[in-house]
1. Within region 199-221, how many residues are touching a strand residue (DSSP E or B) at 6+ places or on another chain (Cβ under 7 Å) and either outside the structural domain of residue 165 (by TED's automatic domain parsing) or not acidic (Asp, Glu) (or both)?
2. Please work out which residue is surrounded by the most Cβ atoms within 10 Å (Cβ to Cβ), limiting yourself to region 19-39 and to residues that are assigned to a helix (DSSP H, G or I) and among the small types (Gly, Ala, Ser).
3. Taking region 198-225 on its own, how many of its residues are assigned to a helix (DSSP H, G or I), over 14 Å from residue 238 (Cβ atoms) and of a type in the set (S, T, N, Q)?
4. Within region 40-57, is there a residue that is closer than 17 Å to residue 1 by Cβ, assigned to a helix (DSSP H, G or I) and more than 35 Å from the chain's Cα centre (by Cα)?
5. Considering only residues that are modelled with pLDDT of 80 or more and hydrophobic (A, V, I, L, M, F, W, C), look in region 79-100 and name the one that is nearest to residue 225 (Cα to Cα).
6. Inspect all residues belonging to region 125-136 and state whether any of them is of a type in the set (Ser, Thr, Tyr), touching a Lys or Arg at 6+ places or on another chain (Cβ under 9 Å) and part of a helix (DSSP H, G or I).
7. Of all residues in region 232-245, which are surrounded by fewer than 19 Cβ atoms within 10 Å (Cβ to Cβ), assigned to a loop (DSSP other than H, G, I, E, B) and either within 24 Å of the chain's Cα centre (by Cα) or modelled with pLDDT of 90 or more (or both)?
8. Within region 120-138, track down each residue that is surrounded by fewer than 17 Cβ atoms within 10 Å (Cβ to Cβ) and aromatic (Phe, Trp, Tyr).
Amino acid sequence: MKKINYLIMLAKIGHFARAAEACHISQPTLSSAIQHLEEELGVTLIQRGQRFIGLTPEGEKILVRAQRLAADWEGLKQEAALCKQQLTGTLRIGAIPTTLAISPLLTEAYRDVYPNLMFQLFSYSSEQIMRRLDGFELDFGLTYIEDPRLQGFKVLPLYQERHVLLARQPELVEFSTQLDWQTVAQLPLCVLTPNMQNRQLLDAAFREAKVKPNIVMETDSVFALYAHVRCARLFSIVPHSLLSLIEMRQEVSAVPLHPILTRQIGLIARQQNLDMPIQQAAWRIAEGLNLQRRFDALIDFIY
């Protein structure tokens with residue numbers, strides 16, 4: 001299995017030295033292992049030059065099988081651990097940026113039941129999540145689920161996010177308990193970058209209101225949004241789920257928007273005949289969570 005994993009890592013990183021470092025071996029050891037694998041299979045897997053060029057057409061086909069074999073081997077180890085009532089392994093989750101802040105609610109629930117689990121959490125776009133699920137690089141995706149490209153994936157709805165305006169308390173004196181998009185468009189806004197789906201959702205809402213927003217800053221970090229609201233006296237529009245983890249000091253408040261802007265968030269996974277035990281266990285735990293009630297309670301008092 002080591003040689004299989006070396007091939008997968010080399011294809012992922014695309015550089016012999018960095019792939020060897022990621023595998024905690026020397027570059028000559030990695031090169032030798034790949035050559036031995038080619039000899040065993042009787043095909044050339046790597047296009048060789050002074051540096052890594054890529055996989056051969058045969059190598060691309062072998063890689064798909066190798067990824068599936070590595071996933072099956074990990075599942076076999078997890079099954080053995082489950083037989084000993086000690087489920088172990090690493091759960092790999094890809095999350096769109098606006099859901100990163102709520103991911104601890106999932107990992108905490110998983111660790112309460114299976115304390116020996118480890119986690120890898122990555123920030124990706126929805127498209128990257130789907131691609132990495134197909135490539136066996138992720139176990140779950142935490143993303144928008146109202147996407148026609150999700151046909152063929154397992155989907156578990158978790159909550160309907162509702163957007164609110166995040167503002168410093170002194171600025172709220174002149175506001176009512178609810179703001180329309182025309183009013184919000186006039187405020188100095190800090191929003192996510194145009195390539196991100198959450199920003200595209202906001203752009204659509206402003207277009208629907210027939211207004212152009214006053215965007216002062218763009219960032220790819222949700223935490224930077226909060227920092228600039230609190231420290232630079234800007235405003236931002238965020239999903240209400242973030243209120244559970246953003247430190248809501250006295251000078252920062254959330255104000256409802258009208259019309260309400262919502263989007264469904266959930267878990268997605270590959271459709272396969274036999275899920276790994278770690279995936280089965282984590283999916284069952286997620287099914288028992290009531291995130292909607294938890295998040296709605298954060299803003300119900302301001303409606």
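The values are calculated or read from the model by the stated rules, or taken from the named source; none is laboratory data. All values derive from a computational prediction rather than experimental measurement. Please note: Cβ atoms are built from the backbone with ideal geometry, for glycine as well, and neighbour counts cover all protein chains shown.
1. Filtering region 199-221 for residues touching a strand residue (DSSP E or B) at 6+ places or on another chain (Cβ under 7 Å) gives 199, 201-202, 213-220.
Adding the requirement that they be either outside the structural domain of residue 165 (by TED's automatic domain parsing) or not acidic (Asp, Glu) (or both) leaves 199, 201-202, 213-217, 219.
Residues that pass the stated criteria total 9.
2. Kept after step one, since they are assigned to a helix (DSSP H, G or I), are these residues of region 19-39: 19-22, 27-39.
Now drop any that are not among the small types (Gly, Ala, Ser), which leaves 19-20, 22, 31-33.
On the way: 19: 23, 20: 21, 22: 15, 31: 17, 32: 14, 33: 20.
This residue is 19.
3. Kept after step one, since they are assigned to a helix (DSSP H, G or I), are these residues of region 198-225: 198-208, 222-225.
Those still in the list that are over 14 Å from residue 238 (Cβ atoms) too: 200, 203-204, 206-208.
Those left that are additionally of a type in the set (S, T, N, Q): 200.
Qualifying residue count for the region: 1.
4. First pass over region 40-57, keeping only residues closer than 17 Å to residue 1 by Cβ: 40-41, 45.
If we keep only those that are assigned to a helix (DSSP H, G or I) too, we end up with 40-41.
Those still in the list that are more than 35 Å from the chain's Cα centre (by Cα) too: 40-41.
Checked region 40-57: at least one residue is closer than 17 Å to residue 1 by Cβ, assigned to a helix (DSSP H, G or I) and more than 35 Å from the chain's Cα centre (by Cα).
5. The qualifying residue nearest to residue 225 (Cα to Cα) is 100.
6. Here is the first cut: in region 125-136, the residues of a type in the set (Ser, Thr, Tyr) are 125-126.
In the following step, the residues that additionally are touching a Lys or Arg at 6+ places or on another chain (Cβ under 9 Å) were identified as 126.
Subsequent filtering for residues that are part of a helix (DSSP H, G or I) retains 126.
Yes, some residue in region 125-136 is of a type in the set (Ser, Thr, Tyr), touching a Lys or Arg at 6+ places or on another chain (Cβ under 9 Å) and part of a helix (DSSP H, G or I).
7. 232, 245
8. Selection gives 122 alone.
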